[in-house]
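Heads up: the structure comes next, in structure tokens.
The values are calculated or read from the model by the stated rules, or taken from the named source; none is laboratory data. Remember, predicted model here, so these are calculated numbers, not experimental data. Here the Cβ is made from the backbone with ideal geometry for all residues, glycine too, and neighbour counts use every protein chain on show.
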Amino acid sequence: NAGVTQTPKFQVLKTGQSMTLQCAQDMNHNSMYWYRQDPGMGLRLIYYSASEGTTDKGEVPNGYNVSRLNKREFSLRLESAAPSQTSVYFCASSAGTAAKNIQYFGAGTRLSVL
Amino acid sequence: GESVGLHLPTLSVQEGDNSIINCAYSNSASDYFIWYKQESGKGPQFIIDIRSNMDKRQGQRVTVLLNKTVKHLSLQIAATQPGDSAVYFCAENGGGGSYIPTFGRGTSLIVHP
């Protein structure tokens, strides 16, 4: 009963390096999301994908790109990492209906950019 | 309740007490609300939800109250246990057919044995 799986769990990058955060869900959900969480802050939406083949910007998309590879997988890419991107990143998935949109979260990726 | 700033609002209670965590939401059009619990080092986890056509909903040891007049949501936890120690977030969906939630900043609940 895996739910939402994120890899890696931890990562340290140097400024300017690139990396891709991976996310996969096994609940046959239509919608997937990437959030970042900074100390003392709530979750801020980076990008989301309402369904396979679509992606949209959230509140804080600058510096990130995403790919909805298939229904199961949604990746987040940092092309040129900056210290301001040091954060904990969460992937989530949901059925994606306005009536009842419970999100299921992964365990997070803790990223430090030096 | 929730506030601006780097430090989360914190609620400290004794084991066995009842806890009340408050949330002020911003969008009067929001028609669906969710409470999540986030334990240290983990992702948020669904606790309970409520639609705007209700003012109260009960789960196991938890109750959510919704006051649309003042745009206020609360989560009541009965007989709080050390395992309830976590950060609690409320989320609203914004209404108008939107299903993208907006999260509050969270409240840290500390339960003392």
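For (1) among the acidic types (Asp, Glu); (2) touching a His at 6+ places or on another chain (Cβ under 8 Å), each residue gets a yes or a no:
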| position | (1), (2) |
| --- | --- |
| B:Ser12 | no, yes |
| B:Asn27 | no, no |
| B:Trp35 | no, no |
| B:Pro44 | no, no |
| B:Asp55 | yes, no |
| B:Arg61 | no, no |
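Here A:Ser112 clears all of (1) in a strand (DSSP E or B); (2) within 13 Å of chain B (Cβ to nearest Cβ) except the condition numbered (2). At least 1 residues being closer than 19 Å to A:Asn101 by Cβ, touching a His at 6+ places or on another chain (Cβ under 8 Å) and not hydrophobic (A, V, I, L, M, F, W, C) is the threshold, and among the strands (runs of 3 or more DSSP E) wholly inside the stretch A:7-50 not one reaches it. If the condition is being over 20 Å from A:Pro83 (Cα atoms), buried (at least 20 other Cβ atoms within 10 Å of the Cβ) and of a type in the set (Ser, Thr, Tyr), then the stretch A:30-70 contributes A:Ser31, A:Tyr33, A:Tyr48, A:Ser49.
All conditions but one from (1) modelled with pLDDT of 95 or more; (2) in contact with a strand residue (DSSP E or B) (Cβ under 7 Å, 6 or more places away or on another chain) apply to B:Gly83; the one that does not is (2).
Please specify each residue of the stretch A:76-100 satisfying the condition of being in contact (Cβ under 8 Å) with a residue 24 or more places away in the chain and within 14 Å of chain B (Cβ to nearest Cβ). A:Ser87, A:Val88, A:Tyr89, A:Phe90, A:Cys91, A:Ala92, A:Ser93, A:Ser94, A:Ala95, A:Gly96, listed by residue number. Counting the residues of the stretch A:72-89 that are surrounded by fewer than 17 Cβ atoms within 10 Å (Cβ to Cβ) and in a loop (DSSP other than H, G, I, E, B) gives 4. When the residues of the stretch A:38-75 are filtered to those that are farther than 25 Å from B:Cys90 by Cβ and among the aliphatic types (A, V, I, L, M), the one that is nearest to the other protein chains (Cβ to nearest Cβ) is A:Val66.
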